[in-house]
Amino acid sequence: MNHSNPLVAVVCGSKSDEDYVKQTISVLEELDIPYISEVVSAHRDPERLHSWIQDAENMGVKVFIAGAGGSAALPGVVSSWTLLPVIGVPYPSSDVKGIDSIYSIVQMPPGVPVACVALGSWGARNSAYFAASILGLNNPQILEKYNAHRESLRSR
Ligand code: RP5
């Protein structure tokens with residue numbers, strides 16, 4: 001479900017990535033963070049990616065989450081089009097199970113950063129928690145929800 005006043009924009013490179021995106025969205029919903037999400041490939045549809053990023057910024061998005069497998073250009077290309085924070089999620093969709101994507105996302109050259117989280121499901125979920133931590137800097141409701149989650153981890 002896309003919200004009308006989103007704070008987070010989630011993008012992945014292929015419909016085949018959507019199981020990971022669902023895990024990111026599930027955490028955003030648990031924390032009541034409004035979001036939009038879309039499938040847009042950096043290498044198959046670069047012009048649509050650019051306009052989607054511009055639209056997201058115009059809607060008030062504050063953080064991008066970009067996930068991709070294989071050579072995973074998507075998070076870096078998103079960062080090339082925005083000054084907002086970009087969290088990159090490597091997906092294990094290739095024959096080498098995401099090692100390629102980790103190296104691609106984590107090794108962005110200086111000046112155009114991407115914050116790379118863990119591979120696959122862990123990263124998909126942590127990307128949303130990391131977004132909460134960024135948004136929580138000036139949003140007390142999100143900070144409170146995120147803190148409640150962290151408290152709940154103590155008793156496990
Ligand atoms: C990347 O290549 C996508 O992020 C996906 O993880 C991988 C394979 O894409 P498909 O060939 O399944 O569309 O672009």
HN-Hα J couplings of the range 7-21 from phi, Karplus 6.51/-1.76/1.60, θ = phi - 60°, integer Hz, Gly and Pro as x?
9, 10, 10, 10, 9, 10, x, 7, 4, 5, 8, 5, 5, 6, 4
MRE, 222 nm, helices only [DSSP H, n ≥ 4, -39500 (n - 2.57), over the chain, to nearest 500]
-14500 deg cm²/dmol
What is the angle, in °, between the Cα long axis of helix 140-154 and the longest principal axis of the Cα atoms in the chain? Nearest 10 is fine, range 0 to 90.
90
Among Ala68, Gln107, Ala148, whose Cα lies farthest out toward the positive end of the dipole of the chain, if unit charges sit on the beta carbon of Lys, Arg (+1) and Asp, Glu (-1)?
Ala148
Under 8 Å for C-alpha pairs, at least 6 residues apart: give me the relative contact order for the chain, rounded to a whole percent.
23
What residues have an amide H closer than 5 Å to that of Ala66, excluding those fewer than 5 places away on the same chain, when H is modeled at 1.01 Å from N in the peptide plane?
Val11, Ile87, Gly88, Val89
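Considering only the other residues whose Cβ falls under 11 Å of the Cβ of Tyr129, what net charge follows from Lys and Arg at +1 and Asp and Glu at -1? Kindly include the intermediate steps, with their values, before the conclusion.
Details: positive: Arg125, Lys145, Arg150; negative: Glu30.
Here the count lands on +2.
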For Ser41, other-chain or 5+-apart residues with amide H closer than 5 Å (H placed, Pro excluded) are none
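Quick check for me: using +1 on Lys/Arg Cβ and -1 on Asp/Glu Cβ, what's the dipole size of the chain about its Cα centre, in debye to the nearest 20?
Working: 11 positive and 15 negative charges, 78 e Å.
Once rounded to the nearest 20, the dipole reads 380 debye.
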In this structure, the FRET efficiency calculated for Glu38 and Glu144 from their beta-carbon separation, with R0 = 22 Å, to the nearest 0.05, is 0.15
Under 5 Å from the placed amide H of Val114, counting only residues 5+ away or on other chains, we find Met108
Residue-span extension gain [Met59 to Ser94] - 0.36 nm each, minus C-alpha spacing
9.3 nm
Which whole-Hz couplings ³J(HN,Hα) result when phi for each residue of the range 87-94 is put into the Karplus expression 6.51 cos²θ - 1.76 cosθ + 1.60, θ = phi - 60°, listed in order with x for Gly and Pro?
9, x, 10, x, 9, x, 9, 8
Residue-wise HN-Hα coupling along the range 99-110, computed from phi with Karplus coefficients 6.51, -1.76, 1.60 (Hz; x: Gly, Pro)
4, 4, 5, 4, 4, 4, 6, 6, 9, 5, x, x
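Read-outs: derived from the displayed coordinates by stated rules, not from any lab. Keep in mind that this is a model prediction, so the values were computed, not measured. Cβ coordinates were reconstructed from backbone atoms using ideal geometry, including for glycine residues, and neighbour counts include every protein chain displayed.
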